[in-house]
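*Asks:* This is the structure I have questions about; it appears just below.
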Amino acid sequence: MVVNKKRIVLSNKIYPLFAGLSGDLIFYIAINTLFLTEVKHLSALEISSLTTISTLVMLLLNPLVMKIINKIGALNSVRIGVTVLFLGAFLITVGNNYFTILMGSILYEAYAYFKYMDTVILRKNLAFLKEEDRFLEIQNKYTLIYAVVTMFTAFISGFLFNLNPYIPMIGCLTFCLISIFLSKFSI
């Protein structure tokens, strides 16, 4: 396999933006409880059980997920991860019953297993370029982007929710689609 150095450099430049925008369900994290109670009419017990059940399911599936990741590789794992993130957000947004929202919550929990292989790609890219010492610098850029985007969306989510409770979720889905697009530049 021929390694394209320019593509690796581009991947490393895009990584902080990609990781910052795909670090969570942007918009949703600011209004999730409000959205689930006011729009989806879930009880406190149902909302807390979403996290409990989805975490338990992923703990049980962990060995299988790790085998899949080892088989498909880091790059495909990242692409699957951001796609699963979008699907989870979509199910949470359009779901009309607890089970559908639970499936979205499980996918949301699953995304992290796959998506966080992006750090493996970054480390390998930096090793190829003999720039391993830049890892923390790039990770700090990602953290800063994530913090700024999360702060901004947390600030405007309430206003958007008051206009229409689905606007923040449309924003969430948009960020997921941007992450899927940016994942195409990873190597």
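The values are calculated or read from the model by the stated rules, or taken from the named source; none is laboratory data. All values derive from a computational prediction rather than experimental measurement. Positions of Cβ are generated from backbone atoms using ideal geometry, with glycine treated the same way; all protein chains shown enter the neighbour counts. With ligands, DNA and RNA removed, areas are computed over all heavy atoms of the protein, side chains included. Shrake-Rupley method; radii C 1.70, N 1.55, O 1.52, S 1.80 Å.
*Asks:* Give the residue from Pro16, Asn70, His41 lying farthest towards the positive end of the charge dipole for the chain; charges sit on Cβ (+1 for Lys and Arg, -1 for Asp and Glu) and the dipole is referred to the Cα centre.
*Replies:* Sorting the options by dipole projection puts first Asn70.
*Asks:* Can you give the charge dipole size of the stretch 68-146 about its Cα centre, rounded to the nearest 20 debye, using +1 on the beta carbon of Lys and Arg and -1 on the beta carbon of Asp and Glu?
*Replies:* About 180 debye.
*Asks:* Using the crude model of +1 on Lys and Arg Cβ and -1 on Asp and Glu Cβ, and no other charge, please compute the dipole size for the stretch 1-145 relative to its Cα centre, in debye to 20.
*Replies:* 780
*Asks:* Diagonalise the Cα gyration tensor of the chain and give the resulting equivalent ellipsoid semi-axes, square root of 5 times each eigenvalue, largest first, whole Å.
*Replies:* Rounded to whole Å, the semi-axes are 31, 20, 12.
*Asks:* On to the next question. With all protein chains present, how much of the accessible area of the chain (probe radius 1.4 Å) comes from carbon and sulfur, to the nearest whole percent?
*Replies:* C and S fraction of accessible area: 69 percent.
*Asks:* Moving on to the next point. If I take R0 = 35 Å and measure r between the Cβ atoms of Val120 and Ser48 in this structure, what FRET efficiency does the formula 1/(1 + (r/R0)^6) give, to the nearest 0.05?
*Replies:* That gives a FRET efficiency of 0.60.
*Asks:* Counting just the Cα atoms, what span does the stretch 2-41 cover along each of its three principal axes? Round to the nearest Å and put the largest first.
*Replies:* Rounded to whole Å, the extents work out to 53, 16, 8 Å.
*Asks:* Explain nothing, just compute: Karplus ³J(HN,Hα) = 6.51 cos²θ - 1.76 cosθ + 1.60, θ = phi - 60°, for every residue of the stretch 140-148 in order, whole Hz, x for Gly and Pro.
*Replies:* Taking θ as phi minus 60°, the curve returns 5, 4, 4, 4, 5, 4, 4, 5, 5 Hz for the stretch 140-148.
*Asks:* Listed here are the pairs Lys71/Lys141; Lys5/Lys115; Lys40/Lys141; Lys40/Lys67; Lys5/Lys71; which of them are more than 27 Å apart at the Cα?
*Replies:* Correct reply: Lys71/Lys141; Lys40/Lys141; Lys40/Lys67.
*Asks:* Additional query: At 222 nm, what helix-only mean residue ellipticity would the chain give, in deg cm²/dmol to the nearest 500, using -39500 (n - 2.57) for each DSSP H run of four or more?
*Replies:* -28000 deg cm²/dmol
*Asks:* Could you work out the relative contact order of the stretch 8-119, using alpha carbon pairs under 8 angstrom and six or more residues apart, expressed as a whole percent?
*Replies:* Averaging sequence separation for qualifying contacts and normalising by length gives 30 percent for the stretch 8-119.
*Asks:* If a/c stays under 1.5 just call it rounded; otherwise compare a/b with b/c (prolate if a/b is bigger, oblate if not). Do that for the stretch 1-83, with a ≥ b ≥ c from the square roots of the Cα gyration tensor eigenvalues.
*Replies:* Oblate.
*Asks:* Per residue, how much accessible area does the stretch 1-72 show when a 1.4 Å probe rolls over the protein heavy atoms, in square angstrom?
*Replies:* 58
*Asks:* Give me the lysines in straight-line cross-link reach of Lys6: C-alpha distance below 18 Å, same-chain residues under 8 apart excluded.
*Replies:* Excluding near neighbours in sequence, the set is Lys124, Lys130, Lys184.
*Asks:* The stretch 100-187: which trypsin sites (Lys or Arg not before Pro) are DSSP loop and have at most 16 other beta-carbon atoms within 10 angstrom?
*Replies:* Those satisfying the criteria are Lys130, Lys184.
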